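Asks: Structure provided below as C-alpha cells; questions to follow.
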Amino acid sequence: PSCKVFFAKDPLKIVRAQGQYMFDEKGEKYLDCINNVAHVGHSHPYVIKAATKQMELLNTNSRFLHDNLVQYAQRLTATLPEKLSVCYFVNSGSEANDLALRLARQYHGHQDVITLENAYHGHVTSLIDISPYKFNQLGKDSKKEFVHVAPSPDIYRGKYREDHPDPASAYAEEVKKIIEEAQKNGRKIAAFIAESMQSCGGQVIPPVGYFQKVAEYVRAAGGVFIADEVQVGFGRVGKHFWAFQLQGEDFVPDIVTMGKPIGNGHPMSCVVTTREIAESFGASGLEYFNTFGGNPVSCAIGLAVLEVIEKEDLQGNATRVGNYLLELLAEQKEKHPLVGDIRGVGLFVGVDLVKDQQKRTPATAEALHLIYKLKEHQILLSADGPHRNILKFKPPMCFTTEDAKHVVETIDALLTEMEEATGMKTENNASTNAQCKRKTTEGSSQPEGASDSVGHMNGAACRQENGLYSKKRSVPSKRIRT
C-alpha cells in the first residue's frame, strides 16, 4: 500500500517507449512530458548499442582497473568547474546524496544540515531526515534536532516575493540566522543542501546571487555547500550543463550530486567533489567501496549519454523548445484566470494553477483534474509542489516545438472548459494578447545573458473564487504530431 503508481484511478500499463513517446499494451501512443530519467529519449539506439557492446565483453566491480571508469570521469569532470575533480560512482540519486552527507560530515567533523522547505533528496533514512517534503508527512515532531529548515527561495509563493528589492539576499539572511541560532545552541553546521532548482518543491528557480551568499555563510561556519543536480543536471536548463551555473560563474559548490538522467534510465549516479574534501574522507581510515558503482557497463552508458547530448545538440534543443514552450504558456497566463505563474528555464518548466490570481490560492483539485484530462488526450504530465498545484514539465530532451504546441493547445482547451464550467471569466481580448507578445522573461531575476532561457511570469489580479469543476463536456482528442 505504500507503493504508488501514476493515475491510480486508471493506471497505465506501458510496454515500450521511443524518444518522447510511450506506448501502452493496446498500442496507444502517449506524449511523455515528465520522464527526465529518459534524458536523451527512451530506448536511444546509441545508448543501447554502447550498453550491449560492453555487456558482451565484461561487467565487474571497480576493484579492477578499466578504461571506461577513467574516461567517463574525465569526460564528466570536464563539464564542471576545475576544482570539482574527484568522482565517486554510485547507483541512484539517493545513494549519491547519502554519500554527499558522509563527505560533508567527515570534512570538519560537524553534524547538522540546513535544508530547504519542501525539499526532497532521496528515500533512504538519512535523506528522509533532511527532506521536509517527506518528513512533514510524519507529524510536527518528525524533524530531527540536527536538521534546520530554511525558507524556500520562491519569489512567487515564498516569504520574499518578486516585489522585494533583493530577494536573494533576504533569503540568504534567513540561512545566516539559522546558522547563528544553531551556534548559540552549541551545534555545528556540516552542510547546506539544495536542489539547484527545486522540483518536488514546486519548480522553484532561486533568485540569482542566493547560492553565493548562502555558501559564504555556510563555509564561514565550517560547512560545505551541496548542489543536488539529480533531477535538473546534464543540460536540461539549456544554456548551461548544470543548473547551479544559472547563479553565475562566481558560484562553485563544494559537492555536486547527480543521478536520474546520467544513465538514461540505467541505475547510475555520481558524487563529484574537491580533492580536499575527498582526502579528508579518505583520512577517516574507513574504506569506501560500491559493488556496482563505476562498473564498465554503467560507464559505457554514461559516456554514450554525454556523446548523444553533444552530437544531437540537446542543450540547444532545450533552449529553443523551452523558450517556445514558455512563450506559449505565457499566452495562456494572459488568457486564463486559472494560470497564476509560469516559471522555467530550458526544459524545466512549472505552471502554477490558482483559484484566485491576486490571492494566489492554490488550485489543487483543478490541477489533478487537468492531469487526468490530459491523460485522456494521451499526454502524460504531473502535478507537484507543497499544494500539488504545479504542473511539472520535465520531458526527454528530444522534446520538439510541435510537441510543445500540441500540449499547450490541449491545456488551453481544457482550461477553457474548466473555467466555463465553474463560471470563471476567461480574459481573452485583443488588448491583453497584444500586451503579452510572447514575452518570457518579465519579472525574472536571472543573470545577465540568461534571459533567452529563463521565464518567470507572475499572475495579474483576479478576484473571482473558483469552485469545483464539472465533467459535462469533453475536448476532442488531437493526434500527436511526429
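The values are calculated or read from the model by the stated rules, or taken from the named source; none is laboratory data. As the structure is a prediction and not an experimental result, all values here were calculated from the model. FYI the Cβ positions are ideal-geometry reconstructions off the backbone, even for glycines, and counts take in every protein chain you see. Just so you know, the surface numbers come from the protein's heavy atoms only, side chains and all, with ligands and any DNA or RNA stripped out. Shrake-Rupley method; radii C 1.70, N 1.55, O 1.52, S 1.80 Å.
Asks: In cubic angstrom, how much convex hull volume per residue do the alpha carbon atoms of the range 45-312 span? Don't skip to the answer; put the middle values down first.
Replies: On the way: hull volume 35.6 nm³, N = 268.
Dividing the Cα hull volume of the range 45-312 by its residues yields 133 Å³.
Asks: Further question on the same structure: Any chance you could give the angle, 0 to 90 degrees and rounded to 10, that helix 314-335 forms with the longest Cα principal axis of the chain?
Replies: Tilt of helix 314-335: around 40 degrees.
Asks: For the chain, place one equal point scatterer on every Cα, skip the solvent, and apply the Debye formula. What is log10 of I(q)/I(0) at q = 0.06 Å⁻¹?
Replies: Debye curve over Cα of the chain, log10 I(q)/I(0) at q = 0.06 Å⁻¹: -0.26.
Asks: Still on this structure, I have one more. Express the accessible area of the chain per residue in Å², computed with a 1.4 Å probe while the remaining protein chains stay in the model. Can you show the working numbers first?
Replies: On the way: 20430 Å² over 482 residues.
Averaged over the residues of the chain, the accessible area is 42 Å².
Asks: Loop-only check: which trypsin sites (Lys or Arg not before Pro) in the range 3-62 are DSSP coil with at most 12 other Cβ within 10 angstrom? Don't jump to the answer; show the numbers that get you there.
Replies: On the way: sites: K4, K9, K13, R16, K26, K29, K49, K53; in loops: K4, K9, K13, K26.
Hits after loop and neighbour filter: K4, K9, K13, K26.
Asks: How tilted is helix 296-311 with respect to the longest principal axis of the chain? Cα atoms for both, answer in degrees (0 to 90, nearest 10).
Replies: 50
Asks: Summarise the accessible area of the chain (1.4 Å probe, protein heavy atoms) by the percent that is carbon and sulfur.
Replies: Here it works out to 50 percent.
Asks: Using Cα atoms only, what is the angle between the long axis of helix 210-220 and the major principal axis of the chain, expressed in degrees (0 to 90) to the nearest 10?
Replies: 30
Asks: Heavy-atom accessible area of I411 with all protein chains present, probe 1.4 Å, nearest 10 Å²?
Replies: For I411, solvent-accessible area is about 10 Å².
Asks: Distance cut-off 22 Å, Cα to Cα: go down the list K355/K392; K13/K405; K134/K213 and report the pairs above it. The partial results should precede the final answer.
Replies: Values: K355/K392 18 Å; K13/K405 26 Å; K134/K213 27 Å.
Checking Cα-Cα distances, K13/K405; K134/K213 exceed 22 Å.
Asks: Right, another one. So if each residue of separation counts as 0.36 nm, and I subtract the Cα-Cα distance between E287 and Q212, what length gain in nm does that give?
Replies: Numbers: separation 75, 0.36 × 75 = 27.00 nm, distance 3.29 nm.
Net length gain for the segment: 23.7 nm.
Asks: I need the chymotrypsin sites (Phe, Trp or Tyr not before Pro) found in the range 284-337, filtered to DSSP loop residues with at most 11 other beta carbons within 10 Å of theirs.
Replies: Working: sites: Y288, F289, F292, Y324; in loops: Y288, F289, F292.
Filter output for the range 284-337: F289.
Asks: Averaging the inverse of every distinct alpha carbon separation and then flipping it gives the Kirkwood radius. What is it for the range 75-146, in angstrom units? Don't skip to the answer; put the middle values down first.
Replies: On the way: mean 1/r = 0.0727 Å⁻¹.
The answer is 13.8 Å.
Asks: Let me ask something additional. Rounded to whole Å and sorted largest first, what semi-axes of the equivalent ellipsoid does the C-alpha gyration tensor of the range 79-216 yield via the square root of 5 times each eigenvalue?
Replies: On the way: eigenvalues 101, 69, 58 Å².
They are 22, 19, 17 Å, listed from largest to smallest.
Asks: Okay, moving on. Place +1 on the Cβ of every Lys and Arg and -1 on the Cβ of every Asp and Glu in the range 45-312, take the dipole about the Cα centre, and give the residue among Y156, G285, T115 whose Cα lies farthest towards its positive end.
Replies: Selected residue: G285.
Asks: Multiplying the sequence separation of K144 and E307 by 0.36 nm and subtracting their Cα-Cα distance, what value in nm do you get? Walk me through the numbers on the way to the answer.
Replies: Details: separation 163, 0.36 × 163 = 58.68 nm, distance 4.25 nm.
Here the segment from K144 to E307 would lengthen by 54.4 nm.
Asks: Hey, another quick one. Between the range 118-161 and the range 394-413, what is the C-alpha centre distance in whole Å?
Replies: 32
Asks: Exposed loop GluC sites (Glu not before Pro) only (DSSP loop, at most 12 other Cβ atoms within 10 Å): please give the longest stretch of the chain free of them, not including the sites. Let's see the in-between values first.
Replies: Values: sites that count: E25, E28, E56, E82, E145, E249, E287, E448, E465.
In short, 288-447.
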